[in-house]
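Written out below as structure tokens is the structure these notes cover.
The values are calculated or read from the model by the stated rules, or taken from the named source; none is laboratory data. Remember, predicted model here, so these are calculated numbers, not experimental data. Note that each Cβ is placed from the backbone with ideal geometry, even for glycine, and that neighbours are counted across all protein chains shown.
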Amino acid sequence: MSEENKAVVKKAFDAINQGDAAHLTASVDPKLQKSFETAFHAAKAGFKDMKLELLDLIAEGDKVVARWAMRGTHTGEAPYGRLGTVTATNKPINVSGITILQIAGGKVINTWGETGELGGLRQLGLMDQYAKAMHVR
């Protein structure tokens, strides 16, 4: 089962790298499809050259842990949480994260993760804007 679950995750990452929202959403449970599609389109709008690299995949039971790195150039406007729509900075970004994906019936049914988001904001020169949005002094 572990190898089959890893294959589901690999297919989802491949779909992201190929810019294929249909194959990405096909790899997730219907209840997650809208949120995955929204996140995919937002990321691709901001980082048209975005590439995800799977660094490690570890599977046990119904869960797969993916350690990954994302790189790209911020060339487009995209929504970014509390910052709202962020204008392109034309700066490169390289962030990493760890995502745990729960698999059932050959589809992702749940996810949890941590991303080096603050490092990404720093690379894009958006820390002051983020601090204002978060009401940090």
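In table form, for the structure just shown:
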{"quantity": "Single unsatisfied condition, Thr25 versus (1) in contact with a Phe, Trp or Tyr (Cβ under 6 Å, 6 or more places away or on another chain); (2) closer than 25 Å to Leu121 by Cβ", "calculated": "(2)"}
{"quantity": "Region 21-42, residues that are out of contact with any helix residue (DSSP H, G or I) (no Cβ under 8 Å at 6 or more places or on another chain) and closer than 20 Å to Gly72 by Cα", "calculated": "Thr38, Ala39, Ala42"}
{"quantity": "Positions within region 90-107 being aliphatic (A, V, I, L, M) and under 14 Å from the mean Cα position of the chain (by Cα), in sequence order", "calculated": "Ile93, Val95, Ile98, Ile100, Leu101"}
{"quantity": "Residues of region 55-76 satisfying the condition of being farther than 16 Å from Gly19 by Cα and among the hydrophobic types (A, V, I, L, M, F, W, C)", "calculated": "Leu55, Leu57, Ile58, Ala59, Val64, Val65, Ala66, Trp68, Ala69"}
{"quantity": "Residue in region 9-20 that is in contact with a Ser or Thr (Cβ under 9 Å, 6 or more places away or on another chain), touching a residue at least 12 places away in the same chain (Cβ under 8 Å) and of a type outside the set (Gly, Ala, Ser) present", "calculated": "yes"}
{"quantity": "Selection count, region 50-89, where residues are surrounded by fewer than 15 Cβ atoms within 10 Å (Cβ to Cβ) and under 12 Å from the mean Cα position of the chain (by Cα)", "calculated": "4"}
{"quantity": "Test set (1) among the hydroxyl-bearing types (Ser, Thr, Tyr); (2) farther than 26 Å from Leu57 by Cα; (3) exposed (fewer than 15 other Cβ atoms within 10 Å of the Cβ) - Thr115 fails condition number", "calculated": "(2)"}
{"quantity": "Among residues of region 47-62, those that are of a type in the set (A, V, I, L, M, F, W, C), farther than 17 Å from Thr73 by Cβ and in contact (Cβ under 8 Å) with a residue 12 or more places away in the chain, counted", "calculated": "4"}
{"quantity": "Some residue of region 117-132 being under 14 Å from the mean Cα position of the chain (by Cα), modelled with pLDDT of 90 or more and in a strand (DSSP E or B)", "calculated": "no"}
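Yes/no matrix, rows are residues, columns are (1) without any contact (Cβ under 8 Å) to a residue 12 or more places away in the chain; (2) β-branched (Val, Ile, Thr):
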{"position": "Pro30", "(1), (2)": "yes, no"}
{"position": "Thr38", "(1), (2)": "yes, yes"}
{"position": "Ala45", "(1), (2)": "no, no"}
{"position": "Trp68", "(1), (2)": "no, no"}
{"position": "His74", "(1), (2)": "no, no"}
{"position": "Thr87", "(1), (2)": "yes, yes"}
{"position": "Ile100", "(1), (2)": "no, yes"}
{"position": "Ile103", "(1), (2)": "no, yes"}
{"position": "Thr111", "(1), (2)": "no, yes"}
